[in-house]
Amino acid sequence: MSIGIFGSVDRWFTMFHVFRSRVKRVVLTVLGIVVLGGVVGTGLALRSYDQKTKIDRTIAKVVVRQYIDAALVSRDNDRAALFSCKNPQLGEVQSLESDLIASEQANGYATQLVISRSTEVDGGKYVDVELQVNQGQGTTVRTRIMQWRFTLVDQDGWRVCGASRLPDPSPSPSVSITPTTPS
């Protein structure tokens, strides 16, 4: 059977099947590449997310700062446990947290904690912290400076295992210069 200048119907039918199978092959190849790219992209994104959210326990001072933020600022015990050793002795920190909460509730205060200084001692086994506690509301703010020593152990990275408040430093005497009058 023939259709003028275009050739036979059988020939068109054969060309149509060849074209359809090539298109199907191209579509399946492109779809396979897209799926493979999606799987690889998802894997890279998850790896990047894991690296960015991984807790860094390599620097003792950083671990103490993260512990203080979790325990005293955010007051998130589950997060604080991520920075604590297996059997921590942190009663004084918990006592400070209770005192802060009680004074906030009794006086309607807001509390802000600022680590103004932290120093590693003995290779990171201890971290001395100067903690500034600001409490108040509006323009009335009471500021206290507290000295703390945190004890750390290396359990798959540094972890806080103990804390104790150090005595407040004595104010150093200031030198006053008395003006002299010429005689």
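Length available on full extension from Arg65 to Arg142: 0.36 nm per residue minus the Cα-Cα distance, which gives 25.5 nm. Expressed per residue, the C-alpha convex hull volume of the stretch 1-153 stands at 252 Å³. Share of the stretch 30-78's accessible area from carbon and sulfur, percent, 1.4 Å? Whole-percent figure for carbon plus sulfur exposure: 62. Accessible surface comparison of Leu31, Leu96, probe 1.4 Å, protein chains only, largest first: the order is Leu31, Leu96. Extension gain for Gln89-Ser48 works out to 11.3 nm (0.36 nm per residue, less the C-alpha to C-alpha distance).
Note on Val73/Asp122: beta-carbon distance plugged into 1/(1 + (r/R0)^6) with R0 of 25 Å gives a FRET efficiency of 0.40. Once the chain from Ser103 to Asp154 is taken as fully extended at 0.36 nm per residue, the excess over their C-alpha distance is 14.9 nm. The Cα atoms of the stretch 75-170 cover 44, 33, 17 Å along the three principal axes, with the biggest extent listed first. Only protein heavy atoms count here; under a 1.4 Å probe, Asp168 has an accessible surface of about 90 Å².
Summed over all non-identical Cα pairs, the Kirkwood treatment of the stretch 33-106 gives a radius of 15.1 Å.
The values are calculated or read from the model by the stated rules, or taken from the named source; none is laboratory data. All figures in this text were calculated on a predicted structure; none of them were measured in a lab. Glycine gets a Cβ as well: all are built from the backbone with ideal geometry, and neighbour counts include every protein chain shown. Note: accessible area is taken over every heavy atom of the protein model, side chains too, but ligands, DNA and RNA are not part of it. Shrake-Rupley method; radii C 1.70, N 1.55, O 1.52, S 1.80 Å.
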